[in-house]
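The values are calculated or read from the model by the stated rules, or taken from the named source; none is laboratory data. Keep in mind it's a predicted model, so treat the numbers as computed, not measured. Cβ atoms come from the backbone with ideal geometry, glycine included; neighbour counts cover every protein chain shown.
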Amino acid sequence: MTPVIDADYHPWPRDHFSVSQLSCYLQCPLKYKFKYLVGFEPFFTPGALVFGSAFHSTIEFFFQQWKKGEKVPLETLIGVFRADWQSMKTTKPVLKIPNATEEDLLTKAETMLGVFVENAKPEIVVSTEERFTVDLKNPESGEPLPIPLEGVIDRIEEGETIVEFKTAARSYSQADVDRNLQCTAYAFAWRELHGKMPKKLILECITKAKTPKFGRIETTRTIDDLAWFWTLVMDVLDAIAAGAFPANPSHFCPSCEFAHYCEGYRYGRL
Ligand code: SF4
């Protein structure tokens with residue numbers, strides 16, 4: 001059952017596996033190979049990724065300052081977002097989001113931050129950006145996989161509650177959240193760390209619509225869900241160990257930062 005990983009052939013994921021790697025492989029195995037195995041430099045950073053990262057670090061700042069006793073005003077948060085946006089822009093070219101100018105996006109971020117401040121409950125936040133490294137053991141049999149799972153939980157709230165925060169084009173449905181891989185992975189990690197399941201998992205989202213909507217959808221996970229996750233990880237590791245990296249062309253291709261290398265794959269040059 002345990003996948004055979006040839007460490008010499010696969011320098012990655014020799015040291016750890018993560019939900020980002022798992023999601024990338026499931027989206028397009030060839031992109032996974034370019035990004036994590038070969039280590040190609042991406043040609044640009046997708047605009048949506050820059051937007052999401054800047055938003056995440058801004059609200060992280062909001063919660064950190066609250067912990068220190070300071071309620072940061074909206075104007076300051078807008079300044080933090082703009083500064084993050086500019087600094088990410090200088091490290092690599094940003095791929096434009098279709099039909100949106102940079103100023104449109106910055107204005108949208110300001111509206112979204114206003115919605116966030118109206119709805120945030122910093123008084124129940126226990127910690128933010130919690131890094132973890134846990135063994136990938138089958139939750140039923142204890143069978144281990146040969147590398148650990150690493151990740152970062154956006155927020156932990158009172159009552160053993162894990163919160164994953166997203167900016168998204170549309171609201172999430174209950175079914176989306178019940179199947180969300182990140183929520184399952186964080187429940188898996190929590191059980192490894194605390195010996196029990198988290199009481200609640202929440203996916204919190206602000207939409208990028210003209211009138212942004214704030215939502216918090218609750219879900220839970222069972223041992224069966226964790227066993228399912230473990231089996232999925234094992235299957236993906238098996239596929240990686242077998243050198244299975246087929247291209248999976250999809251609607252993600254126009255924003256794929258490795259599309260340039262993909263040309264070479266199509267014509268047999270990689
Ligand atoms: S361009 Fe599409 S098929 Fe090619 S690596 Fe990127 S996501 Fe995969």
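Things worth noting here:
- Residues (of a type in the set (Lys, Arg) and under 26 Å from Gly79 (Cβ atoms)) located in the stretch 102-158: Lys108, Lys121, Arg155
- For the stretch 183-216, a tally of residues being under 15 Å from Thr161 (Cβ atoms), touching a strand residue (DSSP E or B) at 6+ places or on another chain (Cβ under 7 Å) and crowded, with 19+ Cβ neighbours inside 10 Å returns 10.
- Among the residues of the stretch 170-200, the ones that are of a type in the set (Phe, Trp, Tyr) and part of a loop (DSSP other than H, G, I, E, B) come to 1 in all.
- Conditions (1) touching a Phe, Trp or Tyr at 6+ places or on another chain (Cβ under 9 Å); (2) modelled with pLDDT of 95 or more; (3) surrounded by fewer than 18 Cβ atoms within 10 Å (Cβ to Cβ); number of the one not met by Phe61: (1)
- When Arg216 is tested against (1) assigned by TED's automatic domain parsing to the domain that holds Leu136; (2) assigned to a helix (DSSP H, G or I), just one condition goes unmet, and that condition is (2).
The rows are residues; the columns are (1) under 23 Å from Lys208 (Cβ atoms); (2) modelled with pLDDT under 95; (3) not aliphatic (A, V, I, L, M).
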site: Lys68; (1), (2), (3): no, yes, yes
site: Gln86; (1), (2), (3): yes, yes, yes
site: Lys96; (1), (2), (3): yes, yes, yes
site: Glu102; (1), (2), (3): yes, yes, yes
site: Val115; (1), (2), (3): yes, no, no
site: Lys121; (1), (2), (3): yes, yes, yes
site: Pro144; (1), (2), (3): no, yes, yes
site: Ile156; (1), (2), (3): no, no, no
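Condition check ((1) within 16 Å of the chain's Cα centre (by Cα); (2) away from the ligand (no atom under 16 Å from the Cβ)) across all residues:
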{"residue": "Gly159", "(1), (2)": "no, yes"}
{"residue": "Ile162", "(1), (2)": "yes, yes"}
{"residue": "Leu181", "(1), (2)": "yes, yes"}
{"residue": "Val236", "(1), (2)": "no, no"}
{"residue": "Ala259", "(1), (2)": "no, no"}
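- Breaking point among (1) more than 16 Å from the ligand (Cβ to nearest atom); (2) surrounded by fewer than 20 Cβ atoms within 10 Å (Cβ to Cβ), for Ala247: (1)
- Flag for Leu22 being modelled with pLDDT of 85 or more and within 16 Å of Ala241 (Cα to Cα): yes
- Within the stretch 144-162, the set of residues being among the charged types (D, E, K, R) and in contact with a Lys or Arg (Cβ under 7 Å, 6 or more places away or on another chain) comprises Glu160 only.
- Test for Gln86: is it over 26 Å from Phe62 (Cα atoms), free of Cβ contacts under 8 Å to residues at least 60 places away in the same chain and either of a type outside the set (Asp, Glu) or out of contact with any strand residue (DSSP E or B) (no Cβ under 9 Å at 6 or more places or on another chain) (or both): no
- Subset of the stretch 118-164 [surrounded by fewer than 16 Cβ atoms within 10 Å (Cβ to Cβ) and either polar (S, T, N, Q) or in a helix (DSSP H, G or I) (or both)]: Glu118, Asn119, Glu123, Ile124, Ser127, Thr133, Ser141
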